[in-house]
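See structure below.
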Amino acid sequence: MEQRVSLITLGVEDMAKAAAFYEALGWKRAESPDGVIAFDMVGQTLGLYPLTALAEDIGLPVSALGQGAITLSHNTHTKDDVAEILARAEVAGAEILKPAADVFWGGHHGYFRAPDGSIWEIAHNPFSTLGENGAFRWNGY
């Protein structure tokens, strides 16, 4: 198996509401068959983090994370982008779980919960700069 994630599927109760949220963030749909809504993205990284530390970082009890306790992360080009994206997500209907703040490891991040319940981290990692096309790699390009 190649070391990559091809498709992240979110189970949502209201397809139209979920699609409208991501479109309000500026995402564009890809053509897909009926019953499926898809948004093409650039590269991702799958990160592992201790469950209790993740819950503490988000500011929720472990029981509130749901089964699987997973976050989706969107890394930004600049530190200022973090607050801007969190604000845009809030206007689109997200609940801000943690406002933009500096992190102990030298980065800057915040968290929001999308209307479908998915938890997103918006982060700027100065040690993992993005590629020209926005692609992420753990130690940068």
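The values are calculated or read from the model by the stated rules, or taken from the named source; none is laboratory data. Remember, it's a predicted structure, so these values are computed and weren't measured experimentally. Neighbour counts are summed over all protein chains in view; Cβ atoms, including those assigned to glycine, are modelled from backbone coordinates with ideal geometry.
Figures for the structure shown
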quantity	calculated
Leu97 under 25 Å from Gly11 (Cβ atoms) and surrounded by 12 or more Cβ atoms within 10 Å (Cβ to Cβ)	yes
Some residue of the stretch 27-42 being surrounded by 12 or more Cβ atoms within 10 Å (Cβ to Cβ), modelled with pLDDT of 80 or more and among the polar types (S, T, N, Q)	no
Residues of the stretch 70-92 classified as crowded, with 17+ Cβ neighbours inside 10 Å and farther than 25 Å from Thr129 by Cβ, total	1
Every residue from the stretch 99-126 that is among the charged types (D, E, K, R) and in contact (Cβ under 8 Å) with a residue 40 or more places away in the chain	Asp116, Glu121
Qualifying residue in the stretch 45-62 (condition: modelled with pLDDT under 80, surrounded by 10 or more Cβ atoms within 10 Å (Cβ to Cβ) and in contact with a Gly (Cβ under 9 Å, 6 or more places away or on another chain))	no
Of all residues making up the stretch 100-118, the number that are buried (at least 18 other Cβ atoms within 10 Å of the Cβ), farther than 14 Å from Leu54 by Cα and among the hydrophobic types (A, V, I, L, M, F, W, C)	2
Exclusive hit being in a loop (DSSP other than H, G, I, E, B), in contact with a strand residue (DSSP E or B) (Cβ under 9 Å, 6 or more places away or on another chain) and either under 30 Å from Asp14 (Cα atoms) or hydroxyl-bearing (Ser, Thr, Tyr) (or both), set Gly117, Gly134	Gly134
Of residues in the stretch 120-131 being part of a loop (DSSP other than H, G, I, E, B) and surrounded by 18 or more Cβ atoms within 10 Å (Cβ to Cβ), the one modelled with the lowest pLDDT	Leu130
Positions within the stretch 73-114 being among the hydrophobic types (A, V, I, L, M, F, W, C) and either assigned to a helix (DSSP H, G or I) or in contact with an Asp or Glu (Cβ under 7 Å, 6 or more places away or on another chain) (or both), in sequence order	Val82, Ala83, Ile85, Leu86, Ala87, Ala89, Val91, Ile96, Phe112
